[in-house]
Amino acid sequence: MTTTQPKRRPAKANPAIDQAVYDAIFRAILEGKLKAGTKLAEQPLAEIFAVSRERIRKVLTRLGAERRLEMIPNRGARVPQPTLEDIRGVYEAHRILEAGIVRQLVEIMDDAFLARLDAHLAEERLAAARGDRAASVKLSGAFHLLLVDRLNNPDLSRFLRDLLSRSSVMVSVYESASQSVCGVDEHAMIVEALRSRDAARAVEVSRHHFLHVEERLRFEGETAAAPDLAAVFGQEKARMRSRKAGLASSQ
């Protein structure tokens, strides 16, 4: 008599757990804990987070679609390893796009939007003061999104979001964490130029801002030693256990 092994059931859909894993990996990228070129294999991550490989694959695919990770055919996911040419191309596009954005903003600037920008700058300074690397990178990108979204042009907003997905990873893997505060000061200069309705000044400050960010990136041509993923995600693993316990008790 032969016995049949029970079929393995696919992981139950659980958006909260998916989001927690996504947040953990994305936060590690933004904090610079995962170096350029680091391979993110499904099985080790599944073991670290105590979830299925299918769930990890879903999260990695999402990060790849957002251009936060590179998906290599038959090799899996890895942290992007942009070349010097990649970096120059992305920041040239940033400079050209935002030059047009700030020119248009000067024409429609109002006190309500300036107040919103001032509030955002305050958040950026708080994140920099507490040394929150991930929050600083996110808020820096969000500043530029505030500018473009004010124009109510979906195509411009979509294009800038794509650029920011790539440049935020470049900053995370190649910029020193101590440089974050410089970005806040430069954002403040852009806001002051907008407040003065000085289009030429706004364009020039914005151009120099992106040049400075590009110059601060410490480009590394060779792949750094692979980090210990279990150590990188140690705290995240504890958070996952706590979240799972909370979800189980609420059911």
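For the range 13-44, filtering for residues that are of a type outside the set (Lys, Arg) and in a helix (DSSP H, G or I) leaves 18.
Residues 167, 196, 206: which one is in the same structural domain as residue 104 (by TED's automatic domain parsing), out of contact with any helix residue (DSSP H, G or I) (no Cβ under 6 Å at 6 or more places or on another chain), hydroxyl-bearing (Ser, Thr, Tyr) and modelled with pLDDT of 85 or more? Reasoning before the result, please.
Working: 167 fails: out of contact with any helix residue (DSSP H, G or I) (no Cβ under 6 Å at 6 or more places or on another chain); 206 fails: out of contact with any helix residue (DSSP H, G or I) (no Cβ under 6 Å at 6 or more places or on another chain).
Only one candidate passes the filter, namely 196.
Only one of the numbered conditions (1) in contact (Cβ under 8 Å) with a residue 12 or more places away in the chain; (2) in a helix (DSSP H, G or I) is violated by residue 47, and that is (1).
Which of the residues belonging to the range 108-128 are in contact (Cβ under 8 Å) with a residue 24 or more places away in the chain and exposed (fewer than 14 other Cβ atoms within 10 Å of the Cβ)? Residues satisfying the conditions are 108, 116, 118. The set of residues in the range 130-144 being without any contact (Cβ under 8 Å) to a residue 24 or more places away in the chain and surrounded by fewer than 19 Cβ atoms within 10 Å (Cβ to Cβ) consists of 130, 132, 142. Checked against the criterion of being part of a helix (DSSP H, G or I), of a type outside the set (Lys, Arg), under 18 Å from residue 170 (Cα atoms) and at pLDDT 95 or above, the candidates 144, 120 yield just one match: 144. Tallying residues that are in a helix (DSSP H, G or I), out of contact with any helix residue (DSSP H, G or I) (no Cβ under 6 Å at 6 or more places or on another chain) and modelled with pLDDT under 80 within the range 174-192 yields 2.
Counting only residues that are in a loop (DSSP other than H, G, I, E, B) and either without any contact (Cβ under 8 Å) to a residue 40 or more places away in the chain or out of contact with any Gly (no Cβ under 6 Å at 6 or more places or on another chain) (or both), the range 80-105 holds 3 of them. Scanning the range 31-52 for residues that are touching a helix residue (DSSP H, G or I) at 6+ places or on another chain (Cβ under 7 Å) and closer than 12 Å to residue 76 by Cα returns 40, 42, 43. For the range 11-60, the tally of residues that are modelled with pLDDT under 90 and among the basic types (Lys, Arg) stands at 4.
In this entry, residue 243 is excluded by the filter for residues that are surrounded by 12 or more Cβ atoms within 10 Å (Cβ to Cβ), part of a helix (DSSP H, G or I), of a type in the set (D, E, K, R) and modelled with pLDDT of 80 or more.
The values are calculated or read from the model by the stated rules, or taken from the named source; none is laboratory data. Everything quoted here is computed from the prediction, not taken from an experiment. Positions of Cβ are backbone-derived with ideal geometry, glycine not excepted, and every protein chain shown enters the neighbour counts.
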